[in-house]
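Here, each number is a calculation from the coordinates, and none is a lab measurement. Keep in mind it's a predicted model, so treat the numbers as computed, not measured. Here Cβ is always computed from backbone atoms with ideal geometry, including for glycine, and neighbour counts include all displayed protein chains.
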Amino acid sequence: MSTTIADKKTTGLLENGLFPSNEVMLDLRQLKKVYPTPKGDYVVLEDLNLQIKKEEFVTIIGHSGCGKTTMLSMIAGLNPISGGNISVLGRHIKGPGPDRGVIFQAPSLMPWMTSLQNVMLGVNQVFPDATKAQRNDIAKYYLQKVGLEDAFHKKASDLSQGMQQRVGIARAFAIKPKVLLLDEPFGMLDSLTRGELQDTLIDIWNKEKITAVMITHDVDEAIFLADRVVMMTSGPRAKIGDVLEIDFERPRTRKAVLEHDDYYKYRKHLIDFLEH
């Protein structure tokens, strides 16, 4: 299967200035990231262009060191842009903002606070005009969604790694972001917990339909979750190397994905790209 599986229709759009602007949630144009070093500039990303549509779930794969996390941290507003621009709904970003929620590999919770208090931190900032009861309801709703209704008042330090990551997922969804950014959120978990949390994430996403961008090293995870898998070239000067449309119906089940005729074609395409 050749790279034409990237789908000529989408590739054509990408070359011709992409999707209609009213469909685009996240737009990366001519993005560049340079780190100065004693031996001269080190260019991590260069001429990187990517548009992500409203309500789309995109996974990003590439070799370690290709700049995936750098790109995500720039979208989050946590890492300055060296060139080009990033916009959400046509507005250029200028640092972090509540329109972008982030789920990191390590959930970075306040260990002395309870699950509820950790989620409330974000909710209180984003919904200052809501009543205390309303903010409480929002936090509890998303903790219930991730299966933590019995752990509202447990300190983060007393939770397992998997449960801490559930709090991280609840916290990110609870601020109602326009874009959800996920940096290998299941990378540190065992395979069973990883599968459970993939299912939890996609269940909530199916209801919320927030535009999502997720970095992963796991080819199967990339296929299972995504509408499109974006492949990055190896660094330095990394850019988008290929885009693979995943044409599975939603909502999906793991069983249906594994039994689909195209599953192993998709898998081979991604592995072939990574092995070049």
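Points worth noting:
- Degrees, to the nearest 10: 263-275 long Cα axis against longest axis of the chain: 70
- Under the Karplus curve 6.51 cos²θ - 1.76 cosθ + 1.60, θ = phi - 60°, whole-Hz ³J(HN,Hα) for the stretch 94-111, x wherever Gly or Pro sits: 9, x, x, x, x, 6, 10, x, 10, 10, 8, 4, 9, x, 6, 8, 7, x
- For the pair Asn85 and Glu275, label points projected 7 Å from Cα toward Cβ lie 4.3 nm apart.
- Degrees separating the helix 132-145 axis from the principal Cα axis of the chain, which is the longest one: 60
- Estimated FRET transfer efficiency when R0 is 41 angstrom, pair Tyr42-Ala133 (beta carbons, to 0.05): 0.20
- Close amide H contacts of Gly235 (hydrogens built in the peptide plane, cut-off under 5 Å, sequence separation of 5 or more or a different chain): Cys66.
- Vicinal HN-Hα couplings computed from phi for the stretch 25-39 (Karplus, 6.51 cos²θ - 1.76 cosθ + 1.60; Hz; Gly/Pro x): 9, 10, 10, 10, 10, 6, 5, 9, 9, 10, 10, x, 10, x, 9
- In units of the rule-of-thumb radius 2.2 N^0.38 Å, the chain shows an alpha carbon radius of gyration of 1.01.
- Think of the stretch 215-274 as having a plus end and a minus end, set by charges on the Cβ of Lys, Arg, Asp and Glu; of Tyr266, His217, Val229, His217 sits farthest toward the positive end of this dipole.
- For the set Lys32/Lys255; Lys155/Lys239; Lys145/Lys268; Lys154/Lys255; Lys155/Lys176; Lys32/Lys207, the pairs lying more than 32 angstrom apart at their alpha carbons are Lys32/Lys255; Lys155/Lys239; Lys145/Lys268; Lys154/Lys255; Lys32/Lys207.
- Extension reserve of the Glu55-Leu121 stretch, reckoned as 0.36 nm per residue once the Cα distance is removed: 21.2 nm
- Computed across the stretch 163-263, the Kirkwood radius stands at 14.7 Å (inverse of mean 1/r, all Cα pairs).
- Taking label positions 7 Å along the Cα-Cβ direction at both Ala106 and Lys265, the computed distance is 4.3 nm, reported to one decimal.
- Across the chain, Cα pairs under 8 Å and at least six residues apart give a relative contact order of 26 percent.
- Here's the list of aspartates and glutamates a cross-link from Lys53 could span, going by alpha-carbon distance under 12 Å and ignoring same-chain residues fewer than 8 apart: Glu23, Asp27, Asp227.
- Fully extending the segment from Glu23 to Lys255 would add 80.4 nm, taking 0.36 nm per residue of separation and subtracting the current Cα-Cα distance.
- Helix-only [θ]222 nm of the chain, DSSP H runs n ≥ 4, -39500 (n - 2.57) each, per residue, nearest 500: -11000 deg cm²/dmol
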